[in-house]
Amino acid sequence: MLAIFNVTVPFFALVLCGYLAARGRRLPLAAVGPLNSFVLYFALPALLFRFVANSPFRQIANAPIFLAYGCAGMLVFVLCAVLLRRFNREGWRDAAFGALAASWANWGYMGFALIPAILGEEAIGLVVAAGIADLVLVVSAALALASCEGRGGEHWTRAVKGALQGIGRNPLIWAIIAGLCTSAFGLKLPFAIDEFLRLLATAAGPVALFAIGVSLYLPGPLRLAPATCLIVAIKLVLHPVLAWAVATSVLGLTQREAAVLMLMAALPAAGTVFLFAEQQQADAERIAAVIMLSTALAFGSFSVFAALVR
């Protein structure tokens with residue numbers, strides 16, 4: 001267990017630094033936007049493109065990994081949405097984004113830093129292949145379900161079209177596509193461009209983790225309603241267990257591949273869910289509480305899952 005903590009503590013310490021910087025007014029909350037923009041539009045796309053471009057095409061276009069992680073995510077999403085809708089009597093919009101918080105892990109900011117440190121650099125390819133399933137299946141399902149709160153078939157069509165357009169504008173998707181094309185055609189990056197991308201990619205992990213910490217600082221009491229705790233429990237416990245079960249029992253993946261998917265699912269809720277909820281006028285305050293609580297508790301729960309796979 002000490003070996004696991006030696007890996008996880010530095011990463012979560014970066015999150016704590018960001019939180020303390022915001023709490024101590026050393027960094028304004030308004031800085032979260034620029035930090036996130038740097039990671040989302042520069043550092044992470046550079047990391048993804050460089051890795052995918054230098055990897056065999058089959059390693060990234062991995063259908064079993066896509067299906068395994070996508071199925072686990074959709075199972076968690078549907079289960080959580082039904083529970084929130086039936087027992088908490090919520091509208092479709094709030095249920096959809098609550099379920100998205102339970103099924104969409106923060107692999108974009110934390111996964112690329114933590115998982116390769118535990119399972120090796122080759123795990124990045126599996127993270128990319130599985131992450132595409134989140135973007136294509138789970139996020140699309142959440143945005144489509146949220147649109148059920150509107151009226152009329154025309155509204156449904158516009159909502160689904162808007163969801164697909166939002167995914168199409170995601171720079172991470174285009175970085176992966178560009179990398180796949182580069183890999184498929186066997187193109188070699190010039191040294192200067194590769195070095196430029198390497199420098200940008202190196203900043204992705206530290207800046208992303210620090211930005212998460214800044215965004216976690218919420219003045220005032222934390223909202224700990226039963227539904228919030230339920231979403232966090234599903235995210236940190238049920239999601240990784242289901243990811244392992246689907247990968248090993250249903251699709252027959254290797255234990256190493258299943259371990260990558262389980263660790264991805266064991267990560268806290270993705271911060272982007274808050275942006276979606278705010279844009280769609282859903283219960284963004286609850287989503288913020290889920291993100292903060294799941295990130296704080298993930299230090300312990302993720303370390304346990306990491307110890308199990310080690």
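The values are calculated or read from the model by the stated rules, or taken from the named source; none is laboratory data. Everything numeric in this text was worked out from a predicted model, so none of it was measured. No Cβ is skipped: glycine too gets one built from the backbone with ideal geometry, and neighbour counts run over all protein chains shown.
Overview of results
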| quantity | calculated |
| --- | --- |
| Where SER140 falls short, out of the listed (1) within 16 Å of the chain's Cα centre (by Cα); (2) within 23 Å of SER294 (Cα to Cα); (3) surrounded by 19 or more Cβ atoms within 10 Å (Cβ to Cβ) | (3) |
| Pair list, Cβ < 8 Å and 6+ apart or interchain, from the stretch 183-204 residues that are over 22 Å from ARG58 (Cα atoms) and touching a residue at least 24 places away in the same chain (Cβ under 8 Å) to residues that are assigned to a helix (DSSP H, G or I) and among the charged types (D, E, K, R) | LEU197/ARG50; ARG198/ARG50; ALA201/ARG50 |
| Among (1) part of a helix (DSSP H, G or I); (2) at pLDDT below 95, the one test that GLU90 misses | (1) |
| Residues that are of a type in the set (S, T, N, Q) and buried (at least 16 other Cβ atoms within 10 Å of the Cβ), drawn from the stretch 172-210 | THR182, SER183 |
| Residue that is closer than 29 Å to GLU278 by Cα and surrounded by fewer than 17 Cβ atoms within 10 Å (Cβ to Cβ), where the choices are GLY73, GLY98, GLY111, GLY33 | GLY33 |
| The stretch 203-236, residues that are assigned to a helix (DSSP H, G or I) and closer than 21 Å to ARG85 by Cα | PRO226, ALA227, THR228, CYS229, LEU230, ILE231, VAL232, ALA233, ILE234, LYS235, LEU236 |
| Flag for GLU278 being surrounded by fewer than 24 Cβ atoms within 10 Å (Cβ to Cβ) and either free of Cβ contacts under 8 Å to residues at least 12 places away in the same chain or under 17 Å from the mean Cα position of the chain (by Cα) (or both) | yes |
| Test: residue in the stretch 68-89 that is on the phi < 0 side of the Ramachandran plot and in contact with a Cys (Cβ under 6 Å, 6 or more places away or on another chain) | no |
| Which listed residue is of a type outside the set (Asp, Glu), within 30 Å of LEU145 (Cβ to Cβ), touching a Pro at 6+ places or on another chain (Cβ under 8 Å) and part of a helix (DSSP H, G or I), from LEU79, LEU40 | LEU40 |
| Total residues in the stretch 16-33, condition assigned to a helix (DSSP H, G or I) and modelled with pLDDT of 85 or more | 8 |
| Selection count where residues are of a type in the set (A, V, I, L, M, F, W, C), out of contact with any helix residue (DSSP H, G or I) (no Cβ under 7 Å at 6 or more places or on another chain), in contact (Cβ under 8 Å) with a residue 12 or more places away in the chain and farther than 28 Å from GLU122 by Cα, scope the stretch 3-61 | 1 |
| Residue within the stretch 111-129 that is within 19 Å of ALA146 (Cα to Cα), outside any helix (DSSP H, G or I) and out of contact with any strand residue (DSSP E or B) (no Cβ under 8 Å at 6 or more places or on another chain) present | no |
| Test: residue in the stretch 170-191 that is in contact with a Ser or Thr (Cβ under 7 Å, 6 or more places away or on another chain) and modelled with pLDDT under 75 | no |
| Condition met for ALA282 (modelled with pLDDT of 90 or more, over 19 Å from LEU40 (Cβ atoms) and not polar (S, T, N, Q)) | no |
| Scope the stretch 36-56; condition at pLDDT below 85 and surrounded by fewer than 22 Cβ atoms within 10 Å (Cβ to Cβ); matching residues | ASN36, SER37, LEU40, ASN54, SER55, PRO56 |
